[in-house]
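See structure below.
The values are calculated or read from the model by the stated rules, or taken from the named source; none is laboratory data. The structure presented is a predicted model; accordingly, all values stated were derived computationally and were not measured. With ideal geometry, Cβ positions are generated from the backbone for all residues, glycine too; neighbour counts draw on all protein chains shown.
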């Protein structure tokens, strides 16, 4: 079905488009219908980040709230039938995404300090244990305070991994390490993890009815599943009591992960990074970020990153990094600069833009001519707001995968391809041939390179 809409009384039986028509009763065509779907998905991601910001700095949400309400109004029946104005509204949503991520990042660093690199034990568990999954750092701090001195160790899962980088969070001695990978391994983890499990934001896997861990599963605020215990009013007593009743954990490994490369920390290395670029020690930056989803599609990102030359730096965020963050990428030779930089959670994706802007200003080179390639994975709506945010800044030449979004049709994708040079991923090795740029430190060489349009630069 090329379009589907059933939002008003004029809708055809079964919904406009259900019989194969490409025009709704109101006159909306499939392009406008798909663009409005994209707006809604972007707003969902925007609302998630707005909720996080509202907890910490509610005085900063006004403009974001206005964009959300205006855009929702925009999607009502018989409001707007202009393609270009739909695109303009999408850019407004993207710009609001940049704003909310900037505010959220600053709120996090103001409260918890600027993250610095830290090596985190992986899959090593001892004693009474709580495993926390999600994005809510303020809740995580409250939990650490509530469990201090209780004989309980606290561990992170998925998007909580970056918590270890914040000075005011890692000061708690009972914050021990990280367990598991991306969000979708929750059910598998809970079958073997002997402690309790808390999910404090989205990306929860609903347990099967016959699972044996529901009494050890706790949710927070908007998150909920049948049979789990809801944490109300930041009261962690039930969670603590249930955790202490669990058997001691004893999992030993030598695995480690590295996190804590917040953009504000990376920018302190700006002189060394610029020198490495100008001397050719760093040939290219790769922003490889986004969501992860179950299945083999995500293997692309591991193959891509592991195949990069030693003079390339990988910048990442979001849970997609769990496809490759166990690889030891080492350092750029002769510089001490790590080849792998974990900016943090998905809401820290603005960090890649801040780094690009700083390099752009220092080299007096437009962002789209810099030696920066962007390869994104998407799974859900927060990845959409990140993509729209990049478009709103005029960032071009992005690769997107592992499979095309179904909420855009051929016309819309062609528009995005023509306007922003958006490209779908194919396979890692073929894409890498197009992505790699030779002699990139010579900016004039980049600008004159015959196939520069096929290079994915940001």
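Numbers at a glance
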| quantity | calculated |
| --- | --- |
| Pairs where the first residue, in the stretch 257-276, is over 12 Å from residue 354 (Cβ atoms) and the second is in a helix (DSSP H, G or I), C-beta under 6 Å, 6+ apart | 259/161; 259/162; 259/164; 259/165; 260/165; 274/362 |
| Residue identified as assigned by TED's automatic domain parsing to the domain that holds residue 436, modelled with pLDDT of 95 or more and crowded, with 22+ Cβ neighbours inside 10 Å among 329, 285, 324 | 285 |
| All positions within the stretch 386-411 that are without any contact (Cβ under 8 Å) to a residue 60 or more places away in the chain and in contact with a strand residue (DSSP E or B) (Cβ under 6 Å, 6 or more places away or on another chain) | 399, 400, 404 |
| Some residue of the stretch 437-457 being modelled with pLDDT of 90 or more, part of a loop (DSSP other than H, G, I, E, B) and out of contact with any helix residue (DSSP H, G or I) (no Cβ under 7 Å at 6 or more places or on another chain) | no |
| Residue check for residue 80: over 19 Å from residue 136 (Cα atoms), touching a helix residue (DSSP H, G or I) at 6+ places or on another chain (Cβ under 7 Å) and assigned to a loop (DSSP other than H, G, I, E, B) | yes |
| Number of positions in the stretch 221-232 that are surrounded by fewer than 19 Cβ atoms within 10 Å (Cβ to Cβ) and assigned to a loop (DSSP other than H, G, I, E, B) | 7 |
| Residue in the stretch 11-22 that is surrounded by the fewest Cβ atoms within 10 Å (Cβ to Cβ), counting only those that are in contact with a strand residue (DSSP E or B) (Cβ under 8 Å, 6 or more places away or on another chain) and on the phi < 0 side of the Ramachandran plot | 22 |
| Matching residues, the stretch 233-259, being farther than 25 Å from residue 220 by Cα and assigned to a loop (DSSP other than H, G, I, E, B) | 252, 253, 254, 255 |
| Hey, residue 57 more than 30 Å from residue 140 (Cβ to Cβ), touching a residue at least 24 places away in the same chain (Cβ under 8 Å) and in contact with a helix residue (DSSP H, G or I) (Cβ under 9 Å, 6 or more places away or on another chain) or not | no |
| Residue in the stretch 358-369 that is in a loop (DSSP other than H, G, I, E, B), within 29 Å of residue 50 (Cα to Cα) and not assigned by TED's automatic domain parsing to the domain that holds residue 123 present | no |
| Test: residue 37 is part of a helix (DSSP H, G or I) and modelled with pLDDT under 95 | yes |
| Identity of the residue in the stretch 295-308, modelled with pLDDT of 95 or more and assigned to a loop (DSSP other than H, G, I, E, B), that ends up surrounded by the most Cβ atoms within 10 Å (Cβ to Cβ) | 308 |
| Lone unmet requirement of (1) farther than 27 Å from residue 121 by Cβ; (2) assigned to a loop (DSSP other than H, G, I, E, B); (3) in contact with a helix residue (DSSP H, G or I) (Cβ under 7 Å, 6 or more places away or on another chain) for residue 292 | (1) |
| All positions within the stretch 206-220 that are over 27 Å from the mean Cα position of the chain (by Cα) and either assigned to a strand (DSSP E or B) or not assigned by TED's automatic domain parsing to the domain that holds residue 143 (or both) | none |
| Members of the stretch 95-122 that are surrounded by fewer than 19 Cβ atoms within 10 Å (Cβ to Cβ) and within 17 Å of residue 385 (Cβ to Cβ) | 95, 102 |
| Residue tally, condition under 17 Å from residue 131 (Cα atoms) and either crowded, with 18+ Cβ neighbours inside 10 Å or out of contact with any helix residue (DSSP H, G or I) (no Cβ under 6 Å at 6 or more places or on another chain) (or both), over the stretch 199-213 | 10 |
| The stretch 318-328: number of residues that are more than 11 Å from residue 298 (Cβ to Cβ) and within 21 Å of the chain's Cα centre (by Cα) | 4 |
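Yes/no per residue for (1) modelled with pLDDT of 95 or more; (2) within 25 Å of the chain's Cα centre (by Cα):
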site	(1), (2)
199	yes, yes
202	no, yes
227	no, no
230	yes, no
233	yes, no
237	yes, no
